[in-house]
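One structure is given below, represented as structure tokens, and several questions about it will come after.
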Amino acid sequence: MSPRVANRLLLLAAALLFSTGGAAVKAASFSGWQVASFRSGVATAALLGLIPDARRGWRLRVLPVGAAYAATLSLFVLANKLTTAANAIFLQDTAPLYLVLLGPWLLGERLVREDLVLLAAVAGGMAMFFVGQAPVSRTAPDPLRGNLLAVVSGLTWALTIAGLRWLGSRHPDSAMAGPAVGNLMAFLGCLPMALPLPAAGWRDAAVIAYLGVFQIGLAYLCMSRALRQVPALEASLLLLAEPALNPVWAWLAHGERPGGWALAGGALILGACLANAWRRS
């Protein structure tokens, strides 16, 4: 197999692994705080063991990026425990909205007219998630609160992306330390709310191990290797498989069906992100 094909398959594998997060989080009987803490604890060990670059560049400059990523990891799990997997991932993917607004201050990127179109499209997609009364279900017991947490995760994910871009351009030796530090901070930050330790059965232990080792650790290993060779636009398009597949796994595993407005909003957000990536290329 040629390196060109192999690297693109690695990116698709990363997106596939990332996309299983929502369904796997819902499969654990642990609370949201427990899943967030234990998943990130296992992921920290997996990242340090699988990716040599994650063991280098641990400096104070990594802490703000790690804190933003830790918040994203925790909010994603908490949102998935309260609302549908589709809502959680689509609302987190509103990060470009915040990146456009924060870019001039955080990254020195000039705001252009086309960015206003992106802002309007993503904001419109976000609003669709709050149209009408979201149905309560076994896997989405508090959709409104879960949606609000997912909205905040979009902001923290934008701060994470900006921070990782800054590390990659200014301090490349610390770029992979960010995810490792973020998972360690999420593990320690959520642990007080996760105590006392529950009596875990084999199923819960297997879900946590899968989330930490495969859904985060192995996915980052695939992505870190592929991104060195795949152009940014193509990589962003391949990674869109994550939000597209996330609701599919939740439907297959739990029979969870997102509402029509949520699907329309998600399609608008993903379409806007796709068009923005194409324009910036």
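Read-outs throughout are calculated quantities, based only on the coordinates presented, and are distinct from any laboratory measurement. Small disclaimer: the values here were computed from a predicted structure and weren't measured. FYI the Cβ positions are ideal-geometry reconstructions off the backbone, even for glycines, and counts take in every protein chain you see.
For the chain, modelled as a GNM with alpha-carbon contacts under 10 angstrom, which of PRO247, PRO52, PRO179 fluctuates the most?
Looking only at PRO247, PRO52, PRO179, the biggest GNM fluctuation is shown by PRO52.
Here's a follow-up. Size of the dipole of the range 1-80 about the Cα centre, Lys and Arg at +1 and Asp and Glu at -1 on the beta carbon, nothing else charged, in debye to 20? Don't jump to the answer; show the numbers that get you there.
Details: 8 positive and 1 negative charges, 46 e Å.
It works out to roughly 220 debye.
Please name whichever of TRP33, GLN215, VAL181 sits farthest to the positive end of the charge dipole of the chain, dipole taken about the Cα centre and charges placed at Cβ: Lys and Arg +1, Asp and Glu -1.
Result: VAL181, furthest along the dipole toward the positive end.
Determine the sum of side-chain charges near LEU245: Lys and Arg each +1, Asp and Glu each -1, restricted to other residues whose C-beta is under 14 angstrom from that of LEU245. Don't skip to the answer; put the middle values down first.
Working: positive: none; negative: ASP93, GLU242, GLU256.
Around LEU245, the surrounding residues sum to -3.
Could you list SER40, SER169 in order of exposure, starting from the residue whose Cβ has the fewest other Cβ atoms within 10 Å? Before the final figure, lay out the partial values.
Values: SER40 28, SER169 10.
Sorted ascending by nearby Cβ count, the order is SER169, SER40.
Turning to a different aspect of this structure: Rank the residues LEU155, LEU227, LEU274, LEU97 as a footprinting-exposure proxy: fewest other Cβ atoms within 10 Å of their Cβ go first. Please list the in-between numbers first.
Values: LEU155 21, LEU227 17, LEU274 14, LEU97 24.
Ranked by crowding around the Cβ, least crowded first: LEU274, LEU227, LEU155, LEU97.
For each of GLU114, GLU242, count neighbouring Cβ atoms within 10 Å of the residue's Cβ, then give the residues from fewest to most.
Details: GLU114 13, GLU242 20.
With the sparsest Cβ surroundings first, the list reads GLU114, GLU242.
So, one more: Which whole-number percent gives the relative contact order of the chain, counting Cα pairs below 8 Å spaced six or more residues apart?
Details: 459 pairs, mean separation 120.7, N = 281.
Answer for the chain is 43 percent.
So what is the 222 nm mean residue ellipticity for the chain from helices alone, if each DSSP H run of at least 4 adds -39500 (n - 2.57) and you divide by all residues, rounding to the nearest 500 deg cm²/dmol?
Working: 14 runs with 206 residues, N = 281.
Counting only the DSSP helices, I get -24000 deg cm²/dmol.
What FRET efficiency, computed as 1/(1 + (r/R0)^6) with R0 = 35 Å and r the Cβ-Cβ distance, is obtained for TRP261 and LEU12, rounded to the nearest 0.05?
Numbers: r = 29 Å, r/R0 = 0.83.
Efficiency, from the Cβ-Cβ distance: 0.75.
What is the dipole size for the range 3-280, taken about its Cα centre, with +1 at each Lys and Arg Cβ and -1 at each Asp and Glu Cβ, in debye to the nearest 20? Working shown, then result.
Details: 21 positive and 11 negative charges, 89 e Å.
Dipole size: approximately 420 debye.
Picking from TRP157, TRP251, TRP33, which is most flexible by a Gaussian network model of the chain using Cα springs under 10 Å?
TRP251
To continue, here is another question. Treat every Asp and Glu Cβ in the range 178-281 as -1 and every Lys and Arg Cβ as +1, leave all other atoms uncharged, and give the resulting dipole magnitude about the Cα centre to the nearest 20 debye. Could the numbers behind the result be given before it?
Numbers: 6 positive and 4 negative charges, 50 e Å.
In total the dipole reaches around 240 debye.
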